Amino acid sequence: MLTGASSCEVSSTPGAAAPSSSTAGTGGATTGATKPPAAGNPAAASAALEQLTVAAAGSMAGYSREKFTHWISQGDGCDTRDVVLKRDGKGVQADAECKITAGSWYSPYDDKTLTDPKALDIDHMVPLAAGWRSGASKWTDEQRKQFANDLTRPQLFAVSLQSNRSKGDQDPSTWKPPNKAYWCTYAQNWVTVKSFYKLTVTAAEKSALTDMLATCK
């Protein structure tokens, strides 16, 4: 589906750097995560948004989901998807192979509670293709693997299959959660991820995020 949204790392030259290949997402080290990342404060997110480089979306040439290896092993027979389902659910049950068999999950995108693990997707807050268009095309495969399996930033969330498929690889300029009450948190999480990974934003994307942050109270 874990640090808060106020922990934005912003470069003086946003978009110029890529994540270190030695940080989270290499497997095993993140199994201790037991709860979703908490949203920070809107003011910090707004300030971080202003520091992001505004640029046109990059080319999709060469893109493949296989270049963002997921889901990787996180230890004890669990992969990243399993860890997120355990983290985000209540009363989660799993078999000896860590296959999730039961539980209850709240999907904040569409304000729904689900009890069937098969009705859930693990959403990348900043979709893989959106990351590619905004800077990840220049990363190594190891760095892209980190991005695709990041349990430390607010990048992975268990949500309804329908909402995740509706979102696809869109940014906030063309897709926002149907649940408007979640817009504030969604925008903070999006900015946190883009800031940490030093990805760019389009002008339309920045405008949409500004509008979403304006719903924070």
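For the reader, a short list of remarks on this structure follows.
- Qualifying residue in segment 129-140 (condition: open to solvent by 10 Å² or more (accessible area, probe 1.4 Å), aromatic (F, W, Y) and touching a strand residue (DSSP E or B) at 6+ places or on another chain (Cβ under 8 Å)): no
- Subset of segment 204-217 that is modelled with pLDDT of 95 or more and part of a loop (DSSP other than H, G, I, E, B) - its residue that is least open to solvent (accessible area, probe 1.4 Å): C216
- Check on K145, among the charged types (D, E, K, R), touching a Gly at 6+ places or on another chain (Cβ under 7 Å) and buried (at least 16 other Cβ atoms within 10 Å of the Cβ): yes
- Members of segment 73-109 that are open to solvent by 20 Å² or more (accessible area, probe 1.4 Å) and among the hydrophobic types (A, V, I, L, M, F, W, C): V92, A94, A96, A102
- Qualifying positions in segment 177-198 - over 13 Å from the mean Cα position of the chain (by Cα), surrounded by 21 or more Cβ atoms within 10 Å (Cβ to Cβ) and on the phi < 0 side of the Ramachandran plot: P177
- So T69, is it modelled with pLDDT of 95 or more and either surrounded by fewer than 13 Cβ atoms within 10 Å (Cβ to Cβ) or in a strand (DSSP E or B) (or both): no
- As a summary of the residue check, W71 satisfies the conditions (1) at negative phi; (2) over 21 Å from the mean Cα position of the chain (by Cα) except for the one numbered (2).
The values are calculated or read from the model by the stated rules, or taken from the named source; none is laboratory data. As the structure is a prediction and not an experimental result, all values here were calculated from the model. As a convention, Cβ positions derive from the backbone with ideal geometry for all residues, glycine included, and neighbour counts pool all protein chains shown. Surface areas here come from the heavy atoms of the whole protein model, side chains and all, with no ligands, DNA or RNA. Shrake-Rupley method; radii C 1.70, N 1.55, O 1.52, S 1.80 Å.
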